[in-house]
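What follows is a set of notes on a single structure, which appears directly below.
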DNA sequence: GTATCTGCAAACCATTTGCTTTCAC
DNA sequence: GTGAAAGCAAATGGTTTGCAGATAC
């Protein structure tokens, strides 16, 4: 259990460094703020909001601005290293997902938590593809996203 | 073709009057603004934003306020006569869907158009339910939303 | 040295709220 | 007449923008 936790943590650490490496290779500068944002974000599987990240970084960077957080998240999204999720209600703002692998989401209506669900791929299943072709002729599907809405365990299932 | 168009149009008209009837039965007042909003909304299968509706109603009701549009849409949603759509990273505010039947959506990445796709129900398929139970223990699924992202026919598929 | 980034503050947009007036019932 | 609804305007909260100064390269 100890070993397992350590391993998972290490995997996230590797992921963070990988993201930084990709940014660097793409010609982006390695500023302390950017490095801190990417490291914190890549290790957080809880789909943080910009607010979340900002507040957790403020102790280390009291002068940091929201724009810097948004800029970095935008850059990551444009490079395909993260996704922007707007799955909840209008309140609370967008959530950001550092997981680039194909997966779906379960959203808790009560607390707004987002859980990752595995998906073999983001291509539509056979039946889905046929249905789309029939009802939306000419529509080319690039990816499918499933959102499971309900109530999570901690909010009393 | 002429007949078909007329029929489809008539079905939407009926749907509008049905919505108004339901509102009336639930004790809501039939104000001119509310009637106009519901009629315009029920006939629009293009998933309009609040902005869209507001601007198209302004000529007839120059004094109408945004709050009235939002109030009416909220009321419809609470009565289960419409749905509020926040499909992923779409900028530009929520879209509203007057179609109360279970269905999913195809979103065009190029022009932002939203197409309805039929669904037998919004409950998860057998395999989906199992997958959620396994990966998110204790999560109770209330409804599933499938979003098919791609390019629509008019945007050159 | 220079192009890029950061910090800041103001702008922006969708949405909500409080309060007064109006109107459907 | 009465209570619900509309209008209005201002607040809200997340996100974006423009620019001046700082800094990674």
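The values are calculated or read from the model by the stated rules, or taken from the named source; none is laboratory data. What you see is a predicted model; the values in this text were computed from it and never measured. Methodologically, a virtual Cβ is constructed for each residue, glycine included, from the backbone with ideal geometry; neighbour enumeration extends over all protein chains shown.
Quick notes
- For the stretch A:135-157, the candidate set comprises residues that are assigned to a helix (DSSP H, G or I) and either under 22 Å from residue B:85 (Cβ atoms) or facing another protein chain (nearest Cβ under 7 Å) (or both); within that set, the residue that is farthest from the chain's Cα centre (by Cα) is A:135.
- Residue in the stretch B:59-69 that is within 13 Å of the chain's Cα centre (by Cα), outside any helix (DSSP H, G or I) and surrounded by fewer than 14 Cβ atoms within 10 Å (Cβ to Cβ) present: no
- When the stretch A:142-157 is filtered for residues that are touching a strand residue (DSSP E or B) at 6+ places or on another chain (Cβ under 6 Å), farther than 18 Å from residue A:101 by Cα and without any contact (Cβ under 8 Å) to a residue 24 or more places away in the chain, only A:157 remains.
- Within the option set B:94, B:106, B:90, being within 11 Å of chain A (Cβ to nearest Cβ) and more than 16 Å from DNA strand C (Cβ to nearest atom) holds for one residue only, B:106.
- Unique match (being away from chain B (no Cβ under 14 Å), closer than 12 Å to residue A:76 by Cα and more than 9 Å from DNA strand C (Cβ to nearest atom)) among A:20, A:53: A:20
- Residue in the stretch B:112-122 that is surrounded by the fewest Cβ atoms within 10 Å (Cβ to Cβ), counting only those that are within 19 Å of residue A:86 (Cβ to Cβ) and more than 10 Å from chain A (Cβ to nearest Cβ): B:112
- Condition check for residue B:72: within 14 Å of another protein chain (Cβ to nearest Cβ) and either at pLDDT 95 or above or within 14 Å of DNA strand C (Cβ to nearest atom) (or both): no
- Any hit, the stretch A:123-133, residues being more than 8 Å from chain B (Cβ to nearest Cβ) and assigned to a loop (DSSP other than H, G, I, E, B): yes
- Scan of the stretch A:75-87 for residues that are surrounded by fewer than 14 Cβ atoms within 10 Å (Cβ to Cβ) and either outside any loop (DSSP other than H, G, I, E, B) or at the interface with chain B (Cβ under 8 Å from one of its Cβ atoms) (or both), ordered by number: A:78
- Of the candidates A:33, A:51, the single residue that is part of a helix (DSSP H, G or I) and in contact (Cβ under 8 Å) with a residue 40 or more places away in the chain is A:51.
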